[in-house]
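The values are calculated or read from the model by the stated rules, or taken from the named source; none is laboratory data. Just so you know, these numbers come straight off a predicted model, no measurement behind them. Cβ: placed from backbone, ideal geometry, glycine included. Neighbour counts: every protein chain shown. Please note that ligands, DNA and RNA were not included when accessible areas were found on the heavy atoms of the full protein model with its side chains. Shrake-Rupley method; radii C 1.70, N 1.55, O 1.52, S 1.80 Å.
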Amino acid sequence: MTVAALPIEHVTPAQAAWRRFRRHRLAMAGAVVILVLILGSTIGPFLLPFDDKFIDIMHRFAPPLTGAHVLGTDELGRDVLARLMMGGRVSLAIGIVAMLIAMGVGIVIGTFAGFYGGVLGAALMRFVDAVLCFPAIFLLLALAALIEPGILATTILISATAWMSVARIVEAQMRALRERDFAAAAVAFGASDLRIMFKELLPNAMAAIVVAATLNVAKAILLESYVSYLGYGIQPPAASWGNMLNNAQIYMTSAPWLAIVPGIAITLAVTSFNFLGDGLRDALDPRLDIH
């Protein structure tokens, strides 16, 4: 009697990573929350009867669920929900763009330092270590005091304080990968250094880079909130989650929703990006088995 062999399911690395990611419930929840925040910030303002700058002086400090003002109004009678959505556009955009700039700078520096090593690698990494000695928020405030605040300036300043951790991660990956057989084979075939770095080695380090990018978005959103809260970031009348908190601090007892609403949005965004980063880290590491 013969037993028919069971068919072996062929699973691609991408499918396996997606399965591991789906099993990470917090990461899935974080991805859903991020999607809701992005859609709410991009589409939501078009669905509201008020824009973020409309002033209804007769309904100042209206509490949540007052008429058409679902989340109430602020000290000028502006709709809090409209400002929350427009502020989300600014805060999320700054977080994502700052992350992209920081990733670009960190990848280039880390790639060259890790691939060449020696004097060049040591000099680049000692520069990274020197910048890391300064707390990010103090360095950011020092730079912000010298530059006129605005969305572009805030984005550049935040990216200038966030690239160092990326450089360290990429440098460590490059040092490990340059000793692998496929790198030696590329050298033997006469490939240029740039091709080896950016075509052979860097794609194999993308798992760690993707995780770092996700976590950097959360860090950038927090930094924007800090700087705007202290008055150096996004300036009124433009809304951001940080300057909404700054404007609300003197109304904590009389109108607490003005601080609670943007505070919850910042907490949800930062926590969700951190959960997403954890899920991607586990999903991109085939050695981990999530139950």
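Here are a few things to note about the model shown:
- Contact order relative to length of segment 1-146, as percent, for alpha carbon pairs under 8 angstrom and 6 or more apart: 14 percent
- For the peptides 156-168, 265-277, 109-121, 215-227, residues were scored by their other Cβ atoms within 10 Å and the scores averaged per peptide; the highest-first order is 215-227, 156-168, 265-277, 109-121.
- Estimated from the Cβ-Cβ distance and a Förster radius of 41 angstrom, the FRET efficiency linking A14 and M58 is about 0.15.
- Carbon/sulfur fraction of accessible area - segment 37-176, other protein chains in place, 1.4 Å, %: 76 percent
- With respect to the chain, whose longest principal axis is taken over its alpha-carbon atoms, helix 257-283 is tilted by about 10°.
- Placing unit charges on each Cβ (+1 for Lys and Arg, -1 for Asp and Glu) gives the chain a dipole about its Cα centre, and among I264, A185, I109 the Cα reaching farthest toward its positive end belongs to A185.
- Extending 7 Å from Cα along the Cβ direction at S254 and again at V131 yields two label points whose distance is 4.4 nm.
- Per residue, the accessible area of the chain comes to 53 Å² when a 1.4 Å probe rolls over the protein heavy atoms.
- The share of Cα pairs per 10 Å bin across the chain, counted from zero up to the longest distance, runs 6, 23, 26, 21, 13, 7, 3, 1, 0 percent.
- Between helix 118-132 and the chain there is an angle of about 20 degrees, using the helix long axis and the longest principal axis of the Cα atoms.
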